[in-house]
Amino acid sequence: MPELPEVETVRRGLQPAMEGAKITRLELRRKDLRFPFQPDFSARLQGRVITSLGRRAKYLLADLDSGDVLLM
């Protein structure tokens, strides 16, 4: 796991490119994650705009225009 300063560095690097960007295509590659994706996961994210990119501990949080938050 990356340390907190590295996560903040990644967030700052991604922020200019991701904030205001529209999610046009989604590809789910890992179906064997700890928690499976919800059946409508892709549909809920496609077409959404990322309004802000934040961080909580070692996670990146993308606030979406729908009110949802994408945890990465």
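The values are calculated or read from the model by the stated rules, or taken from the named source; none is laboratory data. Quantities reported herein were computed from a predicted structural model and do not represent experimental measurements. Neighbour counts are summed over all protein chains in view; Cβ atoms, including those assigned to glycine, are modelled from backbone coordinates with ideal geometry. All accessible areas refer to the heavy atoms of the entire protein, side chains included, with ligands and DNA or RNA removed. Shrake-Rupley method; radii C 1.70, N 1.55, O 1.52, S 1.80 Å.
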Flag for Ala21 being loosely packed, with under 12 Cβ neighbours inside 10 Å and out of contact with any Phe, Trp or Tyr (no Cβ under 6 Å at 6 or more places or on another chain): no
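Can you tell me which residues in the stretch 1-49 are in a helix (DSSP H, G or I) and of a type in the set (Asp, Glu)?
Our first condition is that a residue be in a helix (DSSP H, G or I); within the stretch 1-49, this holds for 4-18, 41-45.
Within the stretch 1-49, Glu6, Glu8 meet the criteria.
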Complete set of residues in the stretch 49-64 that are exposed (fewer than 12 other Cβ atoms within 10 Å of the Cβ) and either of a type in the set (A, V, I, L, M) or at pLDDT 95 or above (or both): Ala57
Test result for Asp32, open to solvent by 80 Å² or more (accessible area, probe 1.4 Å), without any contact (Cβ under 8 Å) to a residue 60 or more places away in the chain and charged (D, E, K, R): yes
Which numbered condition Phe37 misses (of (1) modelled with pLDDT under 90; (2) touching a strand residue (DSSP E or B) at 6+ places or on another chain (Cβ under 6 Å)): (2)
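Could you say whether any residue in the stretch 58-72 is assigned to a strand (DSSP E or B) and free of Cβ contacts under 8 Å to residues at least 12 places away in the same chain?
Kept after step one, since they are assigned to a strand (DSSP E or B), are these residues of the stretch 58-72: 59-64, 69-71.
Right, trim to free of Cβ contacts under 8 Å to residues at least 12 places away in the same chain and you get 61, 69.
Yes - at least one qualifying residue is present in the stretch 58-72.
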Arg48 vs. criteria out of contact with any Pro (no Cβ under 8 Å at 6 or more places or on another chain), within 19 Å of Leu61 (Cβ to Cβ), free of Cβ contacts under 8 Å to residues at least 12 places away in the same chain and not small (Gly, Ala, Ser): no
